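Pasting a structure below so you can have a look.
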Amino acid sequence: MKKKNFIVAITVFIVGSGIFSLVNQPIATFETTTTPQNDETETDENEASEENNEKPKEEEEESDQTTETEQRELSTVVVEAFQETIDYFTNRDTHIVAVGDSLTQGVGSSNDQGGYIEILERTINAEDQLVSIDNFGVRGDRSDQLLERLDNPEVSSALEDADIVLITIGANDIMKVVRENFANLTIEEFKEERINYEETLNQVFTRLRNINPNSDIYLLGFYNPFEQYFQDIEELGMIVESWNKTGSDIAEEDEAITFIPTVDLFDDADIDLFADDNFHPNDFGYHRMARRVLDYLTNEEG
């Protein structure tokens, strides 16, 4: 039964994501308009409009309070993070290079730009230009594609001068398993692909060390986007946990590599932390990621 639920959960997610993409495609705009056929249609539209405008005051006030609470949380995160990092980065000429997938690119944030990387840059450089950041995140990148991208002259040149390297990678490796085994999906396929991920991730780190042996590398772990919908399906959590352990174990073998966990950041059911695709973080989710990264940069390096 669990196996069946597991397959259903993945199927629902894939189908839902596909529907979301179709629904959100641009709609053609036409200059021509149609006029009501009779007065009855116009009356119905006016009545519907009046009904929509007559929302209970309690509902509007509750919505306003929720928005204000979320905005206060965002402001608090940014201010606290700034206070804790300003001393660390002062009098340093720090160069940060970010590589990886859509989480590095910032998909899901406002205008799909920046994500946690943009928040880091905006926070640290709030008053003075303390760090420079190059963002090479590419939506859809798997670990093997990242490995190839490290040979790109623009990327490798930036890495040669990097003090800090931030990485998010692996989520698309997991989704590759789903796409290739959609008709007969079991947890065994994820175990096999995790071994490939481990080998490729080791190659990525080796390549980074060859490019720049003096940089400090930070690998951000996975969160579980399925948790909010399929809490009773243990296999989903097991996949995330095992892949996180792979990254964490590799990091422990090299003092220059630090694993940053993120799975706990998205356990809060009281606030919406995901974008409309229910997979990528929204601005609130990315703020939590940025705060976690700042904590690791200042507390562990300082």
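Nothing in this text is a laboratory measurement; each read-out follows from the coordinates by a stated rule. In this text the structure is predicted, and so the values were computed from the model without any measurement. Cβ coordinates were reconstructed from backbone atoms using ideal geometry, including for glycine residues, and neighbour counts include every protein chain displayed.
Would you calculate the separation in nanometres between label points at Asp295 and Asn111, each defined as 7 Å from the Cα along the Cα-to-beta-carbon direction?
Label at Asp295, label at Asn111, 3.0 nm between them.
Follow-up question, since we're still on this one. For Val263 and Gln145, what does the FRET efficiency come to when R0 = 22 Å and r is the distance between their Cβ atoms, rounded to the nearest 0.05?
So, using R0 = 22 Å, E works out to roughly 0.40.
From zero outward in steps of 5 Å, how is the percent of C-alpha pairs of region 116-222 spread across the bins?
2, 11, 19, 21, 17, 12, 9, 5, 3, 1, 0
In terms of modelled amide H atoms, which long-range or inter-chain residues lie less than 5 Å from the amide H of Gly221?
For Gly221, whose amide H was placed from the backbone, the distant partners under 5 Å are Ile260, Thr262.
If you place +1 on the Cβ of every Lys and Arg, -1 on the Cβ of every Asp and Glu, and leave all else neutral, what size is the dipole of region 100-182 about its Cα centre, to the nearest 20 Debye? Mind showing how you got there, number by number?
Numbers: 6 positive and 17 negative charges, 100 e Å.
Dipole size: approximately 480 debye.
What shape does region 109-157 have by the C-alpha gyration tensor, where a ≥ b ≥ c are the square roots of the eigenvalues, rounded means a/c under 1.5, and otherwise prolate means a/b greater than b/c and oblate the rest?
Here region 109-157 falls in the oblate category.
Please name which of Asn244, Leu185, Val155 has its Cα lying farthest along the dipole of region 145-302 towards the positive end, using unit charges on Cβ (Lys, Arg +1; Asp, Glu -1) and the Cα centre as origin.
With unit charges placed on the Cβ atoms, the residue in question is Val155.
Under the Karplus relation 6.51 cos²θ - 1.76 cosθ + 1.60, θ = phi - 60°, what is the ordered set of whole-Hz ³J(HN,Hα) values for region 157-170, x standing for Gly and Pro?
Rounded to whole hertz, the list is 5, 5, 5, 4, 9, 7, 8, 9, 10, 10, 9, 10, 7, x.
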